[in-house]
Structures are given as structure tokens and as C-alpha cells.
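Here is the structure we will look at.
The values are calculated or read from the model by the stated rules, or taken from the named source; none is laboratory data. Keep in mind that what you see is a predicted model, and the values were worked out from it rather than measured. Glycine gets a Cβ as well: all are built from the backbone with ideal geometry, and neighbour counts include every protein chain shown. Ligands, DNA and RNA are excluded from the accessible area calculation, which covers all protein heavy atoms including side chains. Shrake-Rupley method; radii C 1.70, N 1.55, O 1.52, S 1.80 Å.
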Amino acid sequence: MPSTLQVLSLASPSAGYRRIRFAGAQLAPFCQHDNIHCRLVFPAPQRDGASSTRVYTVRAFDADAQWLEIDFLLHADAGPGACWAQQAQVGDCVEILKPGGRTARIADWMVLAGDDSALPALARIAERLPASTRGHVVCEIADPQDAIDIRLPPGMQWHWLYRAGAAAGTGEQLQRAVQALDWSAAKATEGASRFLWVGAEFATAQALRAWAVDSLGLGKQEQLIVAYWRRGMSENELRAPKADLEKT
Ligand SMILES: Cc1cc2nc3c(=O)[nH]c(=O)nc-3n(C[C@H](O)[C@H](O)[C@H](O)COP(=O)(O)OP(=O)(O)OC[C@H]3O[C@@H](n4cnc5c(N)ncnc54)[C@H](O)[C@@H]3O)c2cc1C
């Protein structure tokens, strides 16, 4: 059953994002750490139009105070999700559908990678890693203005990559940066476990998945690589049955 969220407050965690805090009465299913995503239903802009659903990450929540926060990337070529977030006002409402999607499996050595649409998920996952976790977080954003401070275990390093004017989803720097990491460090300790989590544009996700399986030999339990969006396609088109990547 969908439930209603109402905008409580609006903020800008950095230049390219709008952080919206929502109040809701039945938030318990969304206030947990193994399901960090949700699907929102945005009302049609016109009276006789159709509503649209899009997937987002619950960036923060307080189950007792009955609120949750979502960081919306204000991306180019904005669709129903980004448009709604850009124009949202205190008191506006959206529907929220059931929580969904898996998240990163905790391992001794981890690589978390993504572009700016995955920054909320990267931050949320990274903030909850056990203090002993070693590895890297690699995040591609438009420019340094969108960089934020994230608490990390001492053995994890955060790497920002900047597009410096290039359009999102057009380069290979995220893919190359992940591939250039010293993956032998994952096995530096006898029996250490490893995990690769990626949330990125379709082509990057597809390339990294093939590399992770074919070149790194990561098994199903050692990676979760998700296409967060696809250049030139709305989310409806990306999630059409022929899309062959992980569905959420
Ligand atoms: C599990 C999961 C969690 C996600 N969490 C978040 C989150 O917390 N915050 C967030 O902002 N997004 C998040 N996303 C990504 C978001 O769902 C997509 O970006 C979605 O397409 C946005 O919907 P829209 O209506 O704005 O654009 P759509 O109607 O889907 O697309 C319109 C146009 O915009 C382009 N586009 C879509 N996304 C981007 C982008 N990131 N950069 C540049 N162009 C883009 C499309 O290619 C298309 O041409 C998540 C996705 C998944 C799968």
C-alpha cells in the first residue's frame, strides 16, 4: 500500500542537490539499514496526466520523529523526479511505495563506487561501515562544489572524480578509477572477504560488471552493480523488460 509523504523542510547539502525532509505516518519499513531505497510516486504536472514513479535512496531517517530525508540530484534533462524536487514546497505531497533493492554486503575490503546520483547511497553505506573495514570509495561528481564530508573508517579512502564540464554519463573515468585500484590489497589478509558496490550510469555499470566477473573473478556474493540511470532514457524506459542489468 502506498503511503503519503509531506514535505517538512527543504535544504541544499551542496550546489547540485535538493535535500527534502518528509513527514509520514507509516515510515517503519523505510527506516532500516538493509533496504535503503524506495520508490516515490510523483503527481502528474497536468490534471489529466499520468503520475510517474522513480527510485531514490533514503539518505537519513528518524523513525520516532516520523521523518525521512532524500537527496535529489538536480540533473540535466530533468524528468518528473528531478523537476518535482526542484519545485517542491513545504506542504507538498508524494506517495511512497514499498522499500526495495539490496544494499552492499559488509566485507573486510570494500570498494564503493558511483556517480552523483549514487552519492546519497555511497554516503549512507559508507557512514555505517564497521570501523575495521578497509578499501575505497570512488565518486564522480560534476565539480568540487558537490563534494561533501563523509565519516569513514580509518582504513577507507574517499576519492572524488570531477567531470569538469563533461556531460554526465559520457566518460570512462569512474570505470577506469575503479579498475586502477590495487585489488591485490583485498587479499592481503588470509581469508579476507571483499565486495564491490556500484551505482552508476548504465554503460559504466555494464562495463564494470563484465570486468568484475570476467577479470576480477568476483562471485555473485561479492558484488552488486546497479544501473542508476541511462543516458538518453527515462527511468520508465530503462526499467522496461529488455534492460538486462540488476533491477531494484
Ligand atoms: C536504487 C537507486 C537509488 C537511487 N537513488 C537516488 C537518489 O537518492 N538521488 C537521486 O537524485 N537519484 C537517485 N537515483 C537515480 C534516479 O532514480 C534517476 O536519476 C532517475 O532517472 C531520475 O528520474 P527523473 O524523473 O529525474 O529523470 P528521468 O525521467 O528518469 O530521465 C529524464 C532524462 O534525464 C536523464 N537522467 C536521469 N538521471 C540522470 C542523472 N543522474 N544525470 C544526468 N542525466 C540523468 C535521463 O537519461 C533522461 O534523458 C537512484 C536510482 C536507483 C536505481
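Within the range 178-187, the set of residues being among the aliphatic types (A, V, I, L, M) and without any contact (Cβ under 8 Å) to a residue 24 or more places away in the chain comprises ALA180 only. Hey, does the range 148-168 have a residue that's modelled with pLDDT under 95 and hydroxyl-bearing (Ser, Thr, Tyr)? There is no residue in the range 148-168 that is modelled with pLDDT under 95 and hydroxyl-bearing (Ser, Thr, Tyr).
Of the strands (runs of 3 or more DSSP E) lying entirely inside the range 1-107, those carrying at least 1 residues that are in contact with a Ser or Thr (Cβ under 9 Å, 6 or more places away or on another chain) are 17-24, 37-42, 52-57, 67-73, 93-96.
Looking at the range 61-120, which of the residues that are touching a Leu at 6+ places or on another chain (Cβ under 7 Å) and polar (S, T, N, Q) is nearest to the ligand (Cβ to nearest atom)? Only one residue fits best here, namely SER117. Return the total of residues in the range 197-211 being touching a residue at least 40 places away in the same chain (Cβ under 8 Å) and not in a strand (DSSP E or B). Residues in the range 197-211 being touching a residue at least 40 places away in the same chain (Cβ under 8 Å) and not in a strand (DSSP E or B): 4 in total.
To keep it simple, each residue is scored yes or no on (1) assigned by TED's automatic domain parsing to the domain that holds TRP84; (2) of a type in the set (Lys, Arg); (3) without any contact (Cβ under 8 Å) to a residue 12 or more places away in the chain.
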{"residue": "LEU10", "(1), (2), (3)": "yes, no, no"}
{"residue": "ALA15", "(1), (2), (3)": "yes, no, no"}
{"residue": "ARG18", "(1), (2), (3)": "yes, yes, no"}
{"residue": "ALA25", "(1), (2), (3)": "yes, no, no"}
{"residue": "CYS31", "(1), (2), (3)": "yes, no, no"}
{"residue": "ASP34", "(1), (2), (3)": "yes, no, no"}
{"residue": "CYS38", "(1), (2), (3)": "yes, no, no"}
{"residue": "ALA44", "(1), (2), (3)": "yes, no, yes"}
{"residue": "ALA50", "(1), (2), (3)": "yes, no, yes"}
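Can you name the number of the only condition in (1) farther than 30 Å from LYS187 by Cβ; (2) open to solvent by 20 Å² or more (accessible area, probe 1.4 Å) that ASP116 fails? Among (1) farther than 30 Å from LYS187 by Cβ; (2) open to solvent by 20 Å² or more (accessible area, probe 1.4 Å), the lone unmet condition for ASP116 is (2). So, of the residues in the range 31-59 that are over 14 Å from GLY101 (Cβ atoms) and hydrophobic (A, V, I, L, M, F, W, C), which turns out to be nearest to the ligand (Cβ to nearest atom)? Checked the range 31-59; the qualifying residue nearest to the ligand (Cβ to nearest atom) is PHE42.
Among the residues of the range 148-168, is there at least one that is open to solvent by 30 Å² or more (accessible area, probe 1.4 Å), small (Gly, Ala, Ser) and away from the ligand (no atom under 16 Å from the Cβ)? Looking for residues that are open to solvent by 30 Å² or more (accessible area, probe 1.4 Å), small (Gly, Ala, Ser) and away from the ligand (no atom under 16 Å from the Cβ), one finds at least one in the range 148-168, hence yes.
Restricting attention to the range 76-102 and to residues that are in contact (Cβ under 8 Å) with a residue 12 or more places away in the chain, open to solvent by 30 Å² or more (accessible area, probe 1.4 Å) and of a type in the set (A, V, I, L, M), the residue that is nearest to ARG231 (Cα to Cα) turns out to be ALA76. Considering only residues in the range 174-192 that are away from the ligand (no atom under 15 Å from the Cβ) and at pLDDT 95 or above, the one that is least open to solvent (accessible area, probe 1.4 Å) turns out to be VAL178. Just so you know, in the range 164-191 the residues that are within 20 Å of VAL213 (Cβ to Cβ) and not in a helix (DSSP H, G or I) include one that is nearest to the chain's Cα centre (by Cα), and it is GLU172.
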